[in-house]
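Here the structure comes first, spelled out in structure tokens, and everything after it is commentary.
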Amino acid sequence: MRKNTALTIGIIGCSFFISFSNLYAGTGITPATQTAQAARSYEIQFHTIKLHGQLDYNRLNRMGITKVIYRVFEADENEGGLYFNNSQFNTLQPALEKLIAEFDFKKLNLCAWMMTRKFNWLNNTSLFDYQYENDYLQMIPKLDVFNPDAVRKLIAVYKELASRHIDCILIQDDFTLRYNEGFSSWGKAQFTSAVRAPAVEKLMMADGTPYNQAWKRVKADQLNKVLKVLVENCKMVNSAIKVGINIYYETPAFPDKAETWYGHSLKAILDTGVDYIYLMSYQRQIKDEMNWDEERNRAFFKEMVEKAFDMCKEKLVVKLQIRDWKTAERIPAAEVRTYLDLIPSRVDRVCFTPVKIEDYDYLEELIGGAAKK
């Protein structure tokens, strides 16, 4: 769990919220909103790899969709691997190469959605990180971003991915260092070197202490150092490629909590040279996690997106979920459209996820203005 009940209660009571009750009484689309949305570019993110021969490029293009995001990893513990040929990790099948061979790049951009840490199927456990919980140090199946060998392998596989005929790489939301992670021998050595103090796990985990504050800085600095190197190496291979990263909704909304939970600072991430910030502003997930009513959820959503845009500007991509994570059922278009309307007109890019091939009619209804076949 990335937040406990006490933290959640504290957040709910914070001064972040303003009363927006009068602004969201209706759910209709205003002419101004229609004009702003017509100028937007839309992206769709698929969770399946079975897209070959199924993309209707003309129809998607007419909707205003400009980018398809395609998953190139499988995180399953027993059958995990990558869906493109590479020399660093297990290749399940060259699904990306097959899609590239048939992809209409004149109509759409192709973005590869790639993992960074959660290699829980990897046999080489020497590359794994450690977490510290309840006075116990335990290996976890995530790449250790303090380990030079793990970082070298990550850079190498990203360079191989960037060399493919793709327009973009989207970094998965596993590129974090959670509050109890980073306690490998490499991580503790980095702490000792940076702070000039012994790495004592209990002190490093003691919230609010100088040890804890220093440890959080060390972790965030290392994450951003690795991210910067990944971006630079991808662009060395392909100067035209764009690199985006998924970030959690707490990152712009609750900066202190985001640093504790994920090792994330939005300003520091932007300073690494990433091209896009994909804000995982999943409306139903937020409402469920925060236990809010619809009115409060919408107010939070709007303010969160505005805060993110103030920092990210044109780099911001707002992500909306169109299926319920628990049931996989499609969310009614009217409900999603309500949140789409809350996104300020100055936000140029919106991404819908998770999308399935059978969602074409739904997307046309959601986006509006598209000519049906």
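Observations on the model:
- Qualifying residue in the stretch 72-86 (condition: over 21 Å from H264 (Cβ atoms), of a type in the set (F, W, Y) and surrounded by fewer than 22 Cβ atoms within 10 Å (Cβ to Cβ)): no
- Qualifying residue in the stretch 144-157 (condition: of a type in the set (D, E), over 25 Å from H264 (Cα atoms) and not in a strand (DSSP E or B)): no
- The stretch 348-373 residues that are within 15 Å of W113 (Cβ to Cβ), paired with ones that are basic (K, R) and modelled with pLDDT of 95 or more (beta carbon under 7 Å, 6 or more apart): C351/K319; T353/K319; P354/R323
- The residue of the stretch 330-359 that is nearest to K67 (Cα to Cα), among those that are touching a strand residue (DSSP E or B) at 6+ places or on another chain (Cβ under 7 Å) and of a type in the set (A, V, I, L, M), is V350.
- Look at (1) of a type in the set (G, A, S); (2) within 22 Å of the chain's Cα centre (by Cα); (3) over 23 Å from K50 (Cα atoms) and you find that A328 fails only one, number (3).
- Subset of the stretch 305-323 that is of a type in the set (D, E, K, R) and assigned to a helix (DSSP H, G or I) - its residue that is farthest from T272 (Cα to Cα): E306
- The set of residues in the stretch 175-190 that are part of a loop (DSSP other than H, G, I, E, B) and either without any contact (Cβ under 8 Å) to a residue 60 or more places away in the chain or in contact with a strand residue (DSSP E or B) (Cβ under 7 Å, 6 or more places away or on another chain) (or both) comprises F175, N180, G182, F183, S184.
- Considering D361, D288, the condition of being under 18 Å from Y249 (Cα atoms) and not basic (K, R) is satisfied by D288 alone.
- Of the helices (runs of 4 or more DSSP H) entirely within the stretch 211-298, those holding at least 1 residues that are touching a helix residue (DSSP H, G or I) at 6+ places or on another chain (Cβ under 8 Å) and farther than 20 Å from E181 by Cβ occupy 250-253, 266-270, 283-290.
- Here K326, K302 are screened, and the one residue that is over 28 Å from I169 (Cβ atoms), among the basic types (K, R) and assigned to a loop (DSSP other than H, G, I, E, B) is K326.
- The stretch 191-210: number of residues that are hydroxyl-bearing (S, T, Y) and either crowded, with 21+ Cβ neighbours inside 10 Å or part of a helix (DSSP H, G or I) (or both): 2
- The stretch 259-285 residues that are over 24 Å from W325 (Cβ atoms) and touching a residue at least 12 places away in the same chain (Cβ under 8 Å), paired with ones that are in a helix (DSSP H, G or I) and hydroxyl-bearing (S, T, Y) (beta carbon under 7 Å, 6 or more apart): none
- Of note, S281 satisfies the criterion of being of a type in the set (S, T, Y), under 18 Å from the mean Cα position of the chain (by Cα) and within 22 Å of I69 (Cβ to Cβ).
- Condition met for I247 (closer than 15 Å to D221 by Cα and out of contact with any Pro (no Cβ under 6 Å at 6 or more places or on another chain)): no
- Just one residue in the set K315, K326, K302, K267 is at pLDDT below 95 and of a type in the set (D, E, K, R); that residue is K326.
- Only listed residue being farther than 30 Å from E43 by Cα, among the β-branched types (V, I, T) and either in contact (Cβ under 8 Å) with a residue 24 or more places away in the chain or crowded, with 17+ Cβ neighbours inside 10 Å (or both), chosen from I155, I140: I140
- Scanning the stretch 330-366 for residues that are under 21 Å from G244 (Cβ atoms) and not in a strand (DSSP E or B) gives Y339, L340, I343, P344, R346, V347, D348, L363.
Each row is one residue, and each column tells you yes or no for (1) in contact with a helix residue (DSSP H, G or I) (Cβ under 9 Å, 6 or more places away or on another chain); (2) modelled with pLDDT of 95 or more; (3) outside any helix (DSSP H, G or I); (4) surrounded by 13 or more Cβ atoms within 10 Å (Cβ to Cβ).
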position	(1), (2), (3), (4)
C14	no, no, yes, no
G28	yes, no, yes, no
E43	no, yes, yes, yes
I69	no, yes, yes, yes
E97	no, yes, no, yes
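The values are calculated or read from the model by the stated rules, or taken from the named source; none is laboratory data. Given the structure is predicted, the values throughout are model-derived calculations rather than measurements. We place every Cβ from the backbone using ideal geometry, glycine too, and count neighbours over all the protein chains shown.
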